[in-house]
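Take a look at the structure set out below.
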Amino acid sequence: MSENTGTQRIPMAKAINLGLRRSMERDDKVLLMGEDIGRLGGVFRVTDGLQKDFGTTRVVDTPLAESGIIGTAIGLALAGYRPVCEIQFDGFIFPAYDQITTQLAKLHYRSRGRVELPVVIRVPYGGGIGAVEHHSESPEALFAHTAGLRLVSPANPADAFTMIQQAIASPDPVLFLEPKARYWDKADVDVTAADQVLDLGGGNGLHRARVVRPGTDLTIAAYGPTVATAMAAATVAEQEGHSVEVIDLRSISPIDFDTIADSVRRTHRLVVAHEAPVFFGAGAEIAARITEQCFYSLEAPVLRVGGFHAPYPVANIEEDYLPNLDRVLHAVDAVLAH
Amino acid sequence: MIQSDIHGETPHVGTQDDDLIQLLTVTGERVHHQTYSSRVAHLDTEALEGLYRDMVLVRRFDTEATALQRHGELGLWPQCLGQEAAQIGSGRALAAQDHVFPSYREHGVGWTRGLDLRKVLHQFRGEDHGGWDPAEHNFSLYTLVIGSHALHATGFAMGVQRDGDVGTGDPDRDRAVVAYFGDGATSQGDVNEALVFAAVNDAPVVFFCQNNHWAISEPTERQSRVPLFRRGSGFGVPAVRVDGNDVLACYAVTQEALERARSGGGPTFIEAVTYRMGAHTTSDDPTRYRSRAEEDYWRTRDPIDRLRLHLVAEGTAPEFFTALDAEADAYGEQIRDYCRSIPKAESSRMFEHVYAAEHTLVESERAWFTEYEAGFATEGAQR
Ligand SMILES: Cc1ncc(C[n+]2csc(CCOP(=O)(O)OP(=O)(O)O)c2C)c(N)n1
Ligand SMILES: [Mg+2]
């Protein structure tokens, strides 16, 4: 079977790789840039083999400077290219924070729509891999707070394959947050998917949430690395007689509130789980909006499970920082007990 | 000529030997240098044996740490293998009051500062984000965000200036600051801004760049089209290029730069041309991007071998080397034992020292966590 057809059981890293390949084949303006993405194939091997096949002008090993990567990507986008930038680890996006928030996010607005910035920034993010400092961060709220940026995060290989292509097709800048702890989780991916995957709205749209497990008693909304945790929690809860619905948000900016509200009107209870600190996190925004929209449907306060207001801790205690299965179940119990 | 075949015929920046300051050849012969020989003239056999011992013990530490990672005792290890001369030579030129801002591979420099290197293991065992008190040995914590600390070093040097500890002529008072970073780091905005700030302020700071030819998988020519030291002049910072595998030359050029800084002469940029003989870290696989031939070439330029050749030729007795081997073996055992005995961090530690003064949010989360943990101890058993 050819690499590019049929259904394959592949890990998320490979699914993104194939999605990148597909986008590069489809549009020769698409180019990849980042540190160590060429011959090494990236530290997570997501770009493995692409420099070999597309050459050094389309798969660029950049100098070690994140502000330079994003700043020149902006210039390339203004010149008609579609740069897909890799930031090696979440904690190293900050040298580029200025370019992302003051320039990338705002040029379309400032030009009153005259210029488009189809730049994708791929960021392996989240913890759970036993790494040293700055390699386990979840900085999404910092970027979600900036108008002009879109933020998405796939939770499984099939979505990763589709969503990376949709992100590249987007006329706007997209932060593509890759849950690094899930890079090696395998699942079936239909890599024959044709150009309809590029649909940015509609049922298969980049920013649509998805009910990944139906339930009746409570909803857990999660994205990226915590979707699997939420699914595990739903399985445990079922054994205890509770039917838990799980929503994979897939998108953090915008958030598909309609899908969450629809679920909450049926289940009347909501828990939000993410690795990022809960203080000023995505869960806070969801809790507020759902309370506004579904106040009379709710039978319990919306609870958030996530990181603490503390720097991401050392590897040997990260399990207690992360919203693990026990922490999610604890919140589920608390909400059900109301 | 070592070449990268990714980007055509460009030779590795840093393998052309012109401009390179060298006092000890690959085969262990002393060479005369008009400016720098005098700076090592006072180093007698005992001092040279001391430098040799430093390098051997640091290499043993590094090798043990690598093995500990392989055995699952460390999460990750960034080796300094091959860079011992650059680190020991420059580190031994420092005075006690000088202050160092390292990146993450400067185990050899830490050694020269008197840091118990075993403390470095805590960070890479996933038990600490630091591991030592920066003030104790004037050796700051490792910095993993490439280049950030070049600015910290510059600011620290500006503080030294304001304290009046520059240009007094008192050798126990005048201080310099050194920032250590790699070839890749020279591309970061922070490093370039540090050079700007240091230059305009005449800050007593030395930028010690170890050009080990690689930034993970990227060869130095992905960062620069000219030898890195040439960057200095554009900033108005005097710069030198030294054989980074020559411990004597590294000592000499660093001593000169430190003297300039301490006396009020401002910053210096040193490019020490060396080689990362190991992987980037234990997570890395260099066979994906560099050739065996290149590694073999640099193995013939091992910084420890050349000093050994020199010492042997100068008559150091075999007993010195045997005794040192025994010392290294004993040290290795201490490292292994110590590493395994590092206590596991308490989970509650994540709430400690988030702020210097009380912060109500941290306190309430800490309280919640304590109660949660306690409840889990009883309730969790039922689940
Ligand atoms: C700001 C930032 N970007 C990326 C990284 C990931 N990273 C860690 S080490 C490294 C290469 C550093 O190369 P160099 O400066 O030459 O130092 P060396 O590792 O060779 O000592 C990279 C890209 C990082 N730590 N910080
Ligand atoms: Mg390097």
Legend entry - Degrees between helix A:12-26 axis and first principal axis of chain A (Cα, 0 to 90, nearest 10): 40 degrees
Legend entry - Cut-off under 5 Å, modelled amide H: who pairs with A:Arg213 long-range: A:Val246
Inset, instruction - Give the carbon-plus-sulfur fraction of the accessible surface of the stretch A:211-306 in %, rounded to a whole number; probe 1.4 Å, heavy atoms of protein chains only. - result: 54 percent
Inset, instruction - Would you work out which of A:Pro225, A:Ile74, A:His338 lies farthest towards the positive end of the dipole of the protein assembly as shown? Charges go on Cβ: Lys and Arg +1, Asp and Glu -1. - result: A:Ile74
Inset, instruction - Filter the DSSP H helices in chain B by two things, a Kyte-Doolittle mean of at least 0.5 and an axial alpha-carbon span of 15 angstrom or more, and list the hits by number. - result: B:189-201
Inset, instruction - Return a whole-number percent for the relative contact order of chain B, with Cα pairs under 8 Å and 6 or more residues apart as the contact set. - result: 23 percent
Inset, instruction - Using a 1.4 Å probe over the heavy atoms of the protein chains, calculate the carbon and sulfur portion of the accessible area of the stretch B:8-129 as a whole percent. - result: 48 percent
Legend entry - In sequence order, calculated HN-Hα J values of the stretch A:326-336 (Karplus, 6.51, -1.76, 1.60; Hz; x Gly/Pro): 4, 5, 5, 5, 4, 5, 4, 4, 4, 6, 5
Legend entry - On Cα atoms only, tilt of A:66-78 relative to the major axis of chain A in degrees: 70 degrees
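Taking the Cα centre of the protein assembly as shown as origin, work out the dipole magnitude from +1 charges on Lys and Arg Cβ and -1 charges on Asp and Glu Cβ, in debye rounded to 20. Display every interim value, and only then the final one.
Numbers: 66 positive and 101 negative charges, 367 e Å.
Magnitude of the dipole: close to 1760 debye.
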Legend entry - Among B:Ala293, A:Gly49, B:Val362 - extreme Cα towards positive end, dipole of the protein assembly as shown, charges at beta-carbon: A:Gly49
Inset, instruction - Quote the total accessible area buried by chains A and B together, excluding ligands, DNA and RNA, probe 1.4 Å, nearest 100 Å². - result: 4000 Å²
Legend entry - Accessible solvent surface per residue of chain B, calculated while the other protein chains remain in place, 1.4 angstrom probe, Å²: 40 Å²
Legend entry - List B:Ser37, A:Ser263, ordered by accessible area with a 1.4 Å probe, largest first: B:Ser37, A:Ser263
Legend entry - Given charges at beta-carbon only (K, R positive; D, E negative), |dipole| of the stretch A:10-197 in Debye: 440 debye
Legend entry - Percent RCO, i.e. relative contact order, over chain A, from Cα pairs under 8 Å lying at least 6 residues apart: 16 percent
Legend entry - Nearest-10 value in Å² for the accessible area of B:Glu346, using the 1.4 Å probe: 130 Å²
Legend entry - Highest average packing first - B:332-342, A:117-127, Cβ atoms within 10 Å: A:117-127, B:332-342
Inset, instruction - For A:Met33, list long-range residues whose amide hydrogen, built 1.01 Å from N in the peptide plane, is under 5 Å from its own amide hydrogen. - result: A:Val60, A:Val84, A:Cys85, A:Glu86
Legend entry - Evaluated at q = 0.08, 0.11, 0.16 Å⁻¹: base-10 log I(q)/I(0), Debye formula over Cα of the stretch A:1-159: -0.23, -0.44, -0.96
Legend entry - Accessible area (Å², 1.4 Å probe, nearest 10) - B:His122: 40 Å²
Legend entry - Tail weight of P(r) past 22 Å, computed on alpha-carbon pairs of the stretch A:210-336, percent: 27 percent
Inset, instruction - Please work out the C-alpha center-to-center distance from the stretch A:45-71 to the stretch B:303-338 and express it in whole Å. - result: 44 Å
Inset, instruction - Could you tell me which of B:Ser224, B:Gly266, B:His42 has its Cα farthest along the dipole of the stretch B:20-341 towards the positive end, charges placed at Cβ (Lys, Arg +1; Asp, Glu -1), taken about the Cα centre? - result: B:Ser224
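Add +1 for every Lys or Arg and -1 for every Asp or Glu among the other residues with Cβ under 10 Å from the Cβ of A:Ile69, and state the total.
With Lys, Arg at +1 and Asp, Glu at -1, the net is -3.
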Legend entry - Among the listed pairs A:Lys14/A:Lys106; A:Lys52/A:Lys186; A:Lys52/A:Lys180; A:Lys14/B:Lys119, those beyond 28 Å (Cα-Cα): A:Lys14/A:Lys106; A:Lys14/B:Lys119
Legend entry - Euclidean distance of C-alpha centroids, the stretch B:223-250 and the stretch B:104-136, integer Å: 27 Å
Inset, instruction - Using just the helices of the protein assembly as shown, give the 222 nm mean residue ellipticity in deg cm²/dmol: DSSP H runs with n ≥ 4 each add -39,500 (n - 2.57), and the total is spread over all residues, rounded to 500. - result: -11500 deg cm²/dmol
Legend entry - About the Cα centre, charge dipole magnitude for the stretch A:210-336 (Lys/Arg +1, Asp/Glu -1 at Cβ), debye: 280 debye
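The values are calculated or read from the model by the stated rules, or taken from the named source; none is laboratory data. Because the structure is predicted, anything quoted here is derived from the model rather than measured. Here Cβ is always computed from backbone atoms with ideal geometry, including for glycine, and neighbour counts include all displayed protein chains. Just the protein is used for accessible areas: all its heavy atoms, side chains included, with ligands, DNA and RNA removed. Shrake-Rupley method; radii C 1.70, N 1.55, O 1.52, S 1.80 Å.
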